[in-house]
Amino acid sequence: MPKPFVKAGTMNSIKVHNASVTYNQLPVLWDVDMDLPTGRLIGIVGQNGSGKSTLLKAIMGLVPLSSGNVKIFEQDLDTIRTEVAYVPQRESVDWNFPASVQEIVRMGRYQPGRLFQRLTKLDHQLVEDALKKVNMLSFKNRQIGELSGGQQQRVFIARALAQGAKLYLLDEPFVGVDVATEKAIMDLLIEMKKEGKTIVIVHHDLHSVTSLFDYLVMLNTRMIAHGAIDEVLTTENLNATFGGQLNLFAQLQQIIKERDFPIREKGFEEK
Ligand SMILES: Nc1ncnc2c1ncn2[C@@H]1O[C@H](COP(=O)(O)OP(=O)(O)OP(=O)(O)O)[C@@H](O)[C@H]1O
Ligand SMILES: [Mg+2]
């Protein structure tokens, strides 16, 4: 399969057009349109049940769209699947299946649709490198079910790293992860962004969105807003995204008042 050449900033990473998803005839994503840039750290925020995980699954082709379509680097997912790494939300994974840490991370090196593959020396090296990056190499022979929540999350991130993808979709990667690990993972993601990777993260801690991301998607079944963080984080958008949660809303207004955008870089190109 030919690998398309994708240069950061020259095209959209994900284009979602008029996408709707319904479960039992109830819409959980409704007419969502968005173009996400490449080479950014992008946050997706919204309240519980607002469709954040469904949006990632729709991008990954894991739930059927009742209308609309998705393009990744301007192509269909099937032609570009190896360039996309997905880390599901922790509670949606069955952690009791019998597999070692190493086996999980090796899955990142298998090509979809090819049976009986043997991994090469380079594949094994990439698996070790990925485990080292998340500081889990010494656990490589442990069963995944025997790890703590944060360790399991790090193994799944290592699998995504081993894949060497250009686009990373991470669903709440910091849940159950201690502060030091969160910082280490975030540093890793910032490094990846500098290498031109695109990282999309569903994140629910609003206090840290301004320091983590440079681009934000605000979702409430419908697309409320997406864009550079200091443009979309307005009172109106926050109200439409989190409306009804008044306590939270008061906190958010405080965040808006106090915010400065430490992650924004000089010369950062606006979309
Ligand atoms: N397999 C399913 N069958 C039926 N309804 C579902 C299914 N998966 C999700 N839903 C419903 O779709 C809506 C959106 O769910 P989704 O998991 O996308 O929300 P979310 O924004 O990721 O929430 P959270 O912050 O709790 O992770 C919710 O109302 C949920 O109950
Ligand atoms: Mg979710």
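The values are calculated or read from the model by the stated rules, or taken from the named source; none is laboratory data. Model, not experiment: these values are computed from the prediction. No Cβ is skipped: glycine too gets one built from the backbone with ideal geometry, and neighbour counts run over all protein chains shown.
Brief remarks follow.
- Just one of the listed residues (M11, M34) is of a type outside the set (S, T, Y) and over 27 Å from S208 (Cα atoms), and it is M11.
- Screening the candidates S67, S138 for the property of being farther than 25 Å from P37 by Cβ and either away from ligand 1 (no atom under 16 Å from the Cβ) or free of Cβ contacts under 8 Å to residues at least 12 places away in the same chain (or both) yields one hit, S138.
- Count of residues meeting criterion [surrounded by 14 or more Cβ atoms within 10 Å (Cβ to Cβ) and either touching a Ser or Thr at 6+ places or on another chain (Cβ under 8 Å) or modelled with pLDDT of 85 or more (or both)] in the range 235-251: 6
- Close Cβ contacts (under 6 Å, 6 or more residues apart or on different chains) running from residues in the range 145-170 that are touching a residue at least 12 places away in the same chain (Cβ under 8 Å) to residues that are of a type outside the set (A, V, I, L, M) and in a strand (DSSP E or B) comprise A160/Y168; L167/S13; L167/T198; L169/Y86.
- Scan of the range 22-50 for residues that are within 15 Å of ligand 1 (Cβ to nearest atom) and either touching a Pro at 6+ places or on another chain (Cβ under 7 Å) or not in a strand (DSSP E or B) (or both), ordered by number: N24, Q25, G46, Q47, N48, G49, S50
- Unmet requirement for V63, which otherwise passes all of (1) within 16 Å of ligand 2 (Cβ to nearest atom); (2) closer than 25 Å to L238 by Cα: (2)
- Residue in the range 16-24 that is within 29 Å of H207 (Cβ to Cβ), at pLDDT below 95 and surrounded by 21 or more Cβ atoms within 10 Å (Cβ to Cβ) present: no
- Considering residues of the range 170-189 that are part of a loop (DSSP other than H, G, I, E, B) and aliphatic (A, V, I, L, M) only, the residue surrounded by the most Cβ atoms within 10 Å (Cβ to Cβ): V177
- Looking only at the range 191-235, and only at residues there that are within 16 Å of ligand 1 (Cβ to nearest atom), among the polar types (S, T, N, Q) and not in a loop (DSSP other than H, G, I, E, B), the one that is farthest from M34 (Cα to Cα): S208
- Every residue from the range 50-75 that is surrounded by fewer than 20 Cβ atoms within 10 Å (Cβ to Cβ), under 24 Å from M192 (Cβ atoms) and not polar (S, T, N, Q): M60, G61, L62, V70, K71, E74
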